[in-house]
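Below: one structure, written as structure tokens.
The values are calculated or read from the model by the stated rules, or taken from the named source; none is laboratory data. Here the structure is a predicted model, which is why all the values come from computation and not from measurement. Because the Cβ atoms are built from the backbone with ideal geometry, glycine has one as well, and the counts that use them run over all protein chains shown. Surface accessibility is based on the protein's heavy atoms, side chains included, excluding ligands, DNA and RNA. Shrake-Rupley method; radii C 1.70, N 1.55, O 1.52, S 1.80 Å.
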Amino acid sequence: MSTEFRYCPQCATPLALIAQEEDSGLVQRLRCPACGFTHWNNPTPVLAAIVEVEGHILLARNPAWTNEMYGLITGFMEAGETPEEGIRREIAEETSLSVDALSLVGVHDFQRMNQVIITYHARAHGDVRLSPELVDYKLMRPEQVRCWRAGTGMALAQWLRSQGHEPVFMEDMAR
């Protein structure tokens, strides 16, 4: 999924797919024929956290999700913060939990959304109080968690394997 740029943000001329020589050869991108602006359409970095509270994994539900899906805590970095600062902030904002320890799980591409997901495991404490961005949460033992085969679900599966649990994927349960 790409950002829908139709007009140049510098001069308001309609953008066009124009091929131009770049380091990797001839590349077609949305470009402004008037001023030369290029819309690079680079992936957006997204932060995600596998939040562990007293041995349980916190999964939360966004009200925009129509399928009753629960997922990891996610968010975007703010200008001037590191990924670690950003995920600590997101966890605090969305759950009111304090992070005791943070470790990188991995970096995964999520091409459908044109994102790169940077996932951390966070040990946290406190009472869960959800922000208005979220409507519900579950605390589950790691062996009870079911993964999904996209985006943060693949990071969760990687972390479960590192903890000695073979991940079970939601669609595998329907077979």
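In the chain, the calculated helix contribution to ellipticity at 222 nm averages -4500 deg cm²/dmol per residue, counting -39,500 (n - 2.57) for every DSSP H run with n ≥ 4. Where does helix 83-95 land angle-wise versus the long Cα axis of the chain, in degrees 0 to 90, nearest 10? Relative to the chain, helix 83-95 is tipped by roughly 60 degrees. Between Ala16, Ala122, Ala48, the Gaussian network model of the chain with springs among Cα atoms under 10 angstrom shows the greatest mean-square fluctuation at Ala16.
Where does helix 152-162 land angle-wise versus the long Cα axis of the chain, in degrees 0 to 90, nearest 10? For helix 152-162, the angle is close to 50 degrees. In whole percents, the pair-distance distribution calculated for the chain from its alpha-carbon pairs, binned every 5 Å from zero, is 1, 8, 14, 17, 17, 12, 8, 8, 7, 5, 2, 0. For the pair the stretch 55-133 and the stretch 134-153, the centres of their Cα atoms are 12 angstrom apart.
Loop-resident GluC sites (Glu not before Pro) (DSSP state other than H, G, I, E or B) in the stretch 6-65 with no more than 12 further Cβ atoms inside 10 Å of their Cβ: Glu54. Projected label points at Glu143 and Leu17, each 7 Å from Cα along the beta carbon direction, are separated by 5.2 nanometres.
Solvent-accessible area assigned to carbon and sulfur over the stretch 1-158 amounts to 50 percent, based on a 1.4 Å probe.
Let me spell out the model: positive unit charges on the Cβ of Lys and Arg, negative unit charges on the Cβ of Asp and Glu, origin at the Cα centre of the chain. What dipole size does that give, in debye rounded to 20? Intermediate results must be reported in sequence, preceding the final value.
Working: 15 positive and 23 negative charges, 88 e Å.
I would put it at about 420 debye.
Along the axis of the charge dipole computed for the chain (Cβ charges of +1 for Lys and Arg, -1 for Asp and Glu, origin at the Cα centre), the listed residues Val53, Pro142, Leu102 are led at the positive end by Pro142.
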